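One structure below.
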Amino acid sequence: MASFGLAALTCVLHPAFAQQASRSSSAASGTANGSACFTATSPDAIVAGCDAFLAAPGQSATSDQRGLAFQRRGGARAALGQTEQAIADFRQMAATGFKVHEAQASIGSLEFRRQRLTAAEAGYREALKTNPSYALAHIGLGHTLVALGKPAEAVSHFDRALAVSANDAGALLGRGTALAASGDLDGAIRSFDAALKIDPRLLSALYQRAQAHNDKGDVAKALTDADAAVALASADEHVRALVYRGRLRNNAKAYADSIADCTAADAEADRLGLRDGRLRAAPQVCLGLAHQSRGELKEAFDSYQKALSWDRTDVSALAGKGYVLLQRGSYDDAVADFRAALKIDPKSQDALRFLGLAYSDKGDRKNADSAFAQAIAADPRDPWPLMIRAIAAARDGERERARADIARAIAITGDQSSDAILVRGAVAYFLGDIEKAEADMRSALALNGDNGQAWRMLARIHIRANRLDEAQRALDKAASLLPNDPTVFLQQGLIALGRKDYARAERELTRSLDINDKHAEGFAARGQAREGLGQTAAALADFRLAGQKLALDADSRAAKAVARQRLAALTAPPAGAASSPPKTASPSTSAGPATPTPVVAADSGRAGNSGATASPPAPSREPALPTPERRAEPYDSVYCRLVEGVFVHSRKYTGVEFESGCR
């Protein structure tokens, strides 16, 4: 639409207009400055010349000559960014009766450019009232209708433009855009093919055909088109082409190639001395996405910061930086970034869905639901807000709502979406239907064997069933697809804990907590590992921290309860010393379940960028954390019988199963 928008502004330098201007200039009376209105090529000179021409006293100019002067000045003012003045000129042009349909279409184009879509639609429709066969107005109206979410109606206007000019590559490009927006990817690709047959250098058609192939899952064809765009593009467009290919390569999990393209784009922009903030920010956003996909959160954060140093209004950079903060558990800072993005673009789907996710992960369901509702209203065809909301509802045990949301999401995606089936399995898992959850994970992986979240979820299911070898195999695959993922580290720690490999458990859990330390599970599990290593003071510190952290679901609440249990057991007074209990006790005096069952850490939904995937939540069952092997017989005394009564009382009123350290 951008290229059409400039054409509809009368194309100040277009040869046809130049010839007409020359004829009008010779016929018009006025000063030499006034004649510049029709002969100058610089926008500033055109404006000055037309000012003189239109203000000259005693003008004998015809209505058509005055109309052309308003048209020339309007086009020049538009080129200078003086939108209001340009629209005023085109209105005066229409009032002269000179090419009214072109004046109205130019108004529509200017309104479209500043995203006043209702006004743009009105301008184009006025143009078509005057000239129903004006192809440019049909094309402009078609693009406006796509932006208004009416792609089917848009197709009809592109078809009417093509009925006037069958070989109009721009109309074919627009038709493909509308078909893609309506979900007809095959039809869109055929339209892009036709446009490129007419104009093989039409970069917009290459980009959009690449996107359509990518949306169909044909990454090879998408990258072929992206390669062609990179080869064709020059100057600043070459920067855009490299960024586009870099983002496609990121989606294809070719992260090193993606980083290479984005880095090359940034270097090219430097070499060209480009100062356009939006264009300079794009390679850094591209780098941020690639680093984030590789789990390199510091590098991703730095790239987003650099993007924002070029363009503080870059919504993708704000949303990307916010998502890094979300991954690290800095929920309030993430919310601030998402809200900043929404002030710029209230319909940003990334910002809306991530905002809901941030609130959900910090336990604020009221604000989370509000954000999800806004995201659903902004784009009813986006399944992700529904899928993430389904996970949040399932995590809170809201069975009917969770199932309704995932059913709505699958109605949008179809039953061949690996991510949607993954989330359906996560909902089932959270609601306690473990067999259904496992079946869905296997179905999700059959659809996409590289779905890292599905492998991670399958590992969790195996951990719950104490099938640790199977869990490890699934988690190894998840780790290769989700490098540096804190939940993968946490689950590695849980497997090691289940195997009583306390040293590895402590190491993996620390890696997880170094990334996100806001939830209870990691501290509770690491406390168990440190207790097993005989590091009682460190274990006690972790158990206390677990009590201070978030516990948003049944599993995380179970982990928190076990942390309190171990804290009580380790600080219980020895027999005969009830009046003066020691602050700590050796693990040799602690008791726990004879057969440990690893706890499954909660993992709230995580969406990927510009296309990202959600991570499933934890189940509703409350398995216990493994505890270190008993190293000595527990105390059996009058004191133990007395303290057992205290713990029975505690269970009655708190629901927490404290261990006394007694048989």
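Annotations
- Within the set 160, 175, the sole residue that is closer than 25 Å to residue 413 by Cα, open to solvent by 10 Å² or more (accessible area, probe 1.4 Å) and part of a helix (DSSP H, G or I) turns out to be 175.
- Among (1) surrounded by fewer than 18 Cβ atoms within 10 Å (Cβ to Cβ); (2) touching a Ser or Thr at 6+ places or on another chain (Cβ under 8 Å); (3) at pLDDT 85 or above; (4) of a type in the set (Gly, Ala, Ser), the one test that residue 541 misses: (2)
- Hits in the stretch 320-340 (condition: under 12 Å from residue 359 (Cα atoms) and of a type in the set (Asp, Glu)): 332, 333
- Residue match in the stretch 336-343 (condition: in contact with a Phe, Trp or Tyr (Cβ under 7 Å, 6 or more places away or on another chain), at pLDDT below 95, closer than 28 Å to residue 521 by Cβ and surrounded by 23 or more Cβ atoms within 10 Å (Cβ to Cβ)): no
- Of the residues screened, residue 191 is not one that is open to solvent by 40 Å² or more (accessible area, probe 1.4 Å), of a type outside the set (D, E, K, R) and either over 20 Å from residue 279 (Cα atoms) or under 23 Å from the mean Cα position of the chain (by Cα) (or both).
- Condition check for residue 510: hydroxyl-bearing (Ser, Thr, Tyr) and buried (at least 24 other Cβ atoms within 10 Å of the Cβ): no
- Within the stretch 133-145, being surrounded by fewer than 24 Cβ atoms within 10 Å (Cβ to Cβ) and either in a helix (DSSP H, G or I) or polar (S, T, N, Q) (or both) holds for 133, 135.
- Residue ID - surrounded by the fewest Cβ atoms within 10 Å (Cβ to Cβ), chosen from residues in the stretch 197-240 that are touching a Lys or Arg at 6+ places or on another chain (Cβ under 8 Å) and over 30 Å from residue 413 (Cα atoms): 232
- First in the stretch 228-254 and closer than 24 Å to residue 197 by Cα, second anywhere and at pLDDT below 95 and β-branched (Val, Ile, Thr), Cβ under 8 Å, 6 or more apart: 248/219
Matching residues to (1) in a helix (DSSP H, G or I); (2) farther than 24 Å from residue 347 by Cα:
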position	(1), (2)
263	yes, yes
268	yes, yes
271	yes, yes
278	yes, no
295	no, yes
298	yes, yes
301	yes, no
317	yes, no
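- Residues of the stretch 445-461 that turn out to be part of a helix (DSSP H, G or I), closer than 30 Å to residue 218 by Cβ and not hydrophobic (A, V, I, L, M, F, W, C), as a count: 3
- Residues in the stretch 479-495 that are part of a helix (DSSP H, G or I) and within 24 Å of the chain's Cα centre (by Cα) were compared, and the one that is surrounded by the fewest Cβ atoms within 10 Å (Cβ to Cβ) is 480.
- Cβ-Cβ contacts under 7 Å between residues 6 or more apart (or on different chains), taken from a first residue in the stretch 412-430 that is in contact (Cβ under 8 Å) with a residue 60 or more places away in the chain to a second residue that is open to solvent by 10 Å² or more (accessible area, probe 1.4 Å) and among the small types (Gly, Ala, Ser), are listed as 430/620.
- Listed conditions (1) under 29 Å from the mean Cα position of the chain (by Cα); (2) open to solvent by 20 Å² or more (accessible area, probe 1.4 Å); (3) in contact (Cβ under 8 Å) with a residue 12 or more places away in the chain are all met by residue 183, apart from (3).
- Across the stretch 124-155, the qualifying residues are those that are closer than 13 Å to residue 107 by Cβ and among the hydroxyl-bearing types (Ser, Thr, Tyr), and the one among them that is nearest to the chain's Cα centre (by Cα) is 144.
- Residue count, the stretch 278-309 (criterion: open to solvent by 30 Å² or more (accessible area, probe 1.4 Å) and hydroxyl-bearing (Ser, Thr, Tyr)): 2
- Restricting the stretch 449-461 to residues that are touching a residue at least 12 places away in the same chain (Cβ under 8 Å) and not hydrophobic (A, V, I, L, M, F, W, C) leaves a set whose member that is surrounded by the most Cβ atoms within 10 Å (Cβ to Cβ) is 460.
- Count of the stretch 56-84 residues, restricted to those that are farther than 16 Å from residue 100 by Cα and of a type in the set (D, E, K, R), is 2.
- Matching option when the condition is more than 30 Å from residue 115 (Cβ to Cβ) and open to solvent by 10 Å² or more (accessible area, probe 1.4 Å), among 390, 446: 446
- Where helices (runs of 4 or more DSSP H) fall wholly inside the stretch 57-128, the ranges with 2 or more residues that are under 21 Å from residue 36 (Cβ atoms) and of a type in the set (S, T, N, Q) are 63-79, 83-96.
- Subset of the stretch 513-570 [of a type in the set (Lys, Arg), part of a helix (DSSP H, G or I), more than 19 Å from residue 430 (Cβ to Cβ) and in contact (Cβ under 8 Å) with a residue 40 or more places away in the chain]: 564, 566
- Some residue of the stretch 256-277 being within 20 Å of the chain's Cα centre (by Cα) and open to solvent by 40 Å² or more (accessible area, probe 1.4 Å): no
- Any hit, the stretch 165-178, residues being farther than 30 Å from residue 273 by Cα, at pLDDT 95 or above and of a type in the set (S, T, N, Q): yes
- Residue match in the stretch 196-203 (condition: under 21 Å from residue 261 (Cα atoms) and of a type outside the set (D, E, K, R)): yes
- The stretch 462-478 - residue that is in a helix (DSSP H, G or I) and at pLDDT below 95 and, of those, surrounded by the most Cβ atoms within 10 Å (Cβ to Cβ): 463
- Qualifying residue in the stretch 213-227 (condition: part of a helix (DSSP H, G or I), polar (S, T, N, Q) and within 23 Å of the chain's Cα centre (by Cα)): yes
The values are calculated or read from the model by the stated rules, or taken from the named source; none is laboratory data. Here the structure is a predicted model, which means the values were calculated and not measured. In this analysis, Cβ positions are derived from the backbone assuming ideal geometry, glycine residues included, and neighbour counts consider all displayed protein chains. Just so you know, the surface numbers come from the protein's heavy atoms only, side chains and all, with ligands and any DNA or RNA stripped out. Shrake-Rupley method; radii C 1.70, N 1.55, O 1.52, S 1.80 Å.
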